[in-house]
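Report on one structure; see the data block that follows.
The values are calculated or read from the model by the stated rules, or taken from the named source; none is laboratory data. Since we're looking at a predicted model, the values are computed, not measured. Counting neighbours? That spans all protein chains shown, and the Cβs are built from the backbone with ideal geometry, glycine included. Ligands, DNA and RNA are excluded from the accessible area calculation, which covers all protein heavy atoms including side chains. Shrake-Rupley method; radii C 1.70, N 1.55, O 1.52, S 1.80 Å.
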Amino acid sequence: MSKETFQKITRIIRFDDPTSRRNNCDNFDKFTPIRNLWDKWVELLPMYYNPSECVTIDEQLLGFHGRCSFRQYMPSKPERYGIKFWMLACSKSCYVWNMQPYLGKLPGNQPERIQGQRVVLDLVTGLKGHNVTIDNFFSSFELGQKLLEKNLTMVGTMRKNKRSIPAKLSECKKVPVYTSNFAFTQNTTLVSYIGRKDKCPVVQSTMHHTMSTGDPPKRLPEIIEYYNKTKGGVDTVDKMLSTYSCKRKTNRWPMAVFSNIVDISALNALIVWMSVNKDWVDSQNKGRRKIFLLELGLSLAKPYMEHRKNYTGEIPSRGSGNLVMDNADSQPSGSQPQHPVPPKKGHGVTIVCQKKNIIPKIRQN
């Protein structure tokens with residue numbers, strides 16, 4: 001399409017009916033302007049790919065600086081201001097398997113309790129036999145037990161104010177560097193590792209049950225080594241989305257969310273394509289994602305290009321449609337022109353709307 005057509009579409013596109021939104025004030029949802037499209041899209045994500053044995057749950061911040069009632073400020077993210085999503089991605093392939101928007105406080109300005117636990121349990125719905133790697137915002141001893149009931153294991157860092165952490169694991173002063181302290185229950189392992197002076201992160205795992213450590217001199221515990229290997233799934237997705245994106249500057253947050261949907265869909269399509277076509281992966285040494293996106297865009301546009309190529313430009317008769325254009329230099333009514341005849345300079349074109357019986361006059365320069 002032309003640039004002008006693209007700009008018109010992006011200016012007027014909407015994803016719901018505002019009149020029906022006002023009628024449903026009892027079930028008010030901040031995400032209503034794009035909720036229908038979002039729910040249908042999220043429902044399709046798990047249908048086309050089975051993630052590897054480990055998945056990662058983390059936050060995604062979609063950069064947006066316009067007006068939005070649930071816009072967040074996260075100084076640790078590159079964009080800092082934007083819309084936050086909870087994302088579950090495959091740790092190995094970075095396929096986005098499930099997502100959920102964060103809409104702020106609950107109705108009545110009531111803060112949500114144990115939010116991290118609720119988010120993880122919502123996102124892992126449908127998974128079985130996988131390990132979930134999370135950070136200290138989500139992890140807790142209670143969450144590990146609930147995931148075990150769903151046949152899922154968990155590896156994640158812990159905040160030191162958790163009551164489930166023994167006091168000995170939080171002690172890091174006057175302790176030699178590269179020292180590990182373990183604590184065990186029947187199905188959970190805690191490890192505290194001093195990698196630097198006076199720094200001792202605590203990691204919980206329901207997957208590991210031994211005191212295995214790496215080679216000297218650092219002797220890194222197996223739990224922490226596994227966590228470092230699998231924690232970056234969502235961060236890798238953010239990096240890949242920022243490299244190739246269809247996002248454009250906009251003041252409407254539904255358009256920003258829609259651009260994010262398109263970017264993630266294109267990334268997931270590449271992952272599915274590479275998992276099926278191994279020969280194509282081996283033949284493309286560099287720039288495989290760029291080549292795939294070019295081919296994907298061309299394949300999506302090709303049917304419309306063929307339609308425009310074969311379009312004859314015939315004008316419908318008065319009885320066949322609601323819009324009729326009468327040209328001053330049109331041919332007799334018995335013949336149909338193969339191509340539309342443009343009006344001469346200075347001549348007017350009359351557009352008749354039979355529905356409202358309005359006949360505006362359009363002058364050409």
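The table below lists the values:
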item: Single residue of 168, 173 found to be under 15 Å from residue 183 (Cβ atoms), of a type in the set (D, E, K, R) and surrounded by fewer than 15 Cβ atoms within 10 Å (Cβ to Cβ); result: 168
item: In the range 196-207, the residues that are at pLDDT below 90 and either open to solvent by less than 30 Å² (accessible area, probe 1.4 Å) or hydrophobic (A, V, I, L, M, F, W, C) (or both); result: 200
item: Number of positions in the range 107-122 that are part of a loop (DSSP other than H, G, I, E, B) and among the charged types (D, E, K, R); result: 2
item: Pair list, Cβ < 7 Å and 6+ apart or interchain, from the range 59-78 residues that are at negative phi and of a type in the set (Lys, Arg) to residues that are outside any strand (DSSP E or B) and open to solvent by less than 20 Å² (accessible area, probe 1.4 Å); result: 71/64
item: So residue 107, is it touching a residue at least 60 places away in the same chain (Cβ under 8 Å) and under 17 Å from residue 235 (Cβ atoms); result: no
item: Qualifying residue in the range 261-272 (condition: surrounded by 10 or more Cβ atoms within 10 Å (Cβ to Cβ), closer than 22 Å to residue 11 by Cα and either acidic (Asp, Glu) or more than 20 Å from the chain's Cα centre (by Cα) (or both)); result: yes
item: Residue under evaluation residue 76, criteria (1) under 21 Å from residue 157 (Cα atoms); (2) in contact with a Cys (Cβ under 8 Å, 6 or more places away or on another chain), criterion not met; result: (2)
item: Residues satisfying the stated conditions in the range 208-228, i.e. in contact (Cβ under 8 Å) with a residue 60 or more places away in the chain and under 28 Å from the mean Cα position of the chain (by Cα); result: 226, 227
item: The range 273-283, subset open to solvent by 40 Å² or more (accessible area, probe 1.4 Å) and not aromatic (Phe, Trp, Tyr), residue nearest to residue 243 (Cα to Cα); result: 274
item: Filter result for residue 299 (of a type in the set (Gly, Ala, Ser) and at pLDDT 80 or above); result: yes
item: Residues satisfying the stated conditions in the range 44-58, i.e. in contact (Cβ under 8 Å) with a residue 12 or more places away in the chain and not aromatic (Phe, Trp, Tyr); result: 45, 46, 51, 52, 53, 54, 55, 56, 57, 58
item: Residues of the range 86-104 satisfying the condition of being of a type outside the set (S, T, N, Q) and in contact with an Asp or Glu (Cβ under 7 Å, 6 or more places away or on another chain); result: 86, 87
item: Residue check for residue 228: under 23 Å from residue 134 (Cβ atoms), touching a Gly at 6+ places or on another chain (Cβ under 9 Å) and surrounded by fewer than 16 Cβ atoms within 10 Å (Cβ to Cβ); result: no
item: Failed item in (1) at pLDDT 90 or above; (2) open to solvent by less than 60 Å² (accessible area, probe 1.4 Å); (3) of a type outside the set (Gly, Ala, Ser); (4) over 19 Å from the mean Cα position of the chain (by Cα), with residue 241 passing the rest; result: (4)
item: Selection count where residues are at pLDDT 90 or above, open to solvent by 20 Å² or more (accessible area, probe 1.4 Å), hydrophobic (A, V, I, L, M, F, W, C) and over 17 Å from residue 88 (Cα atoms), scope the range 114-160; result: 2
item: 3 or more residues in contact with a helix residue (DSSP H, G or I) (Cβ under 8 Å, 6 or more places away or on another chain) and surrounded by 15 or more Cβ atoms within 10 Å (Cβ to Cβ): qualifying helices (runs of 4 or more DSSP H) within the range 1-105; result: 32-44
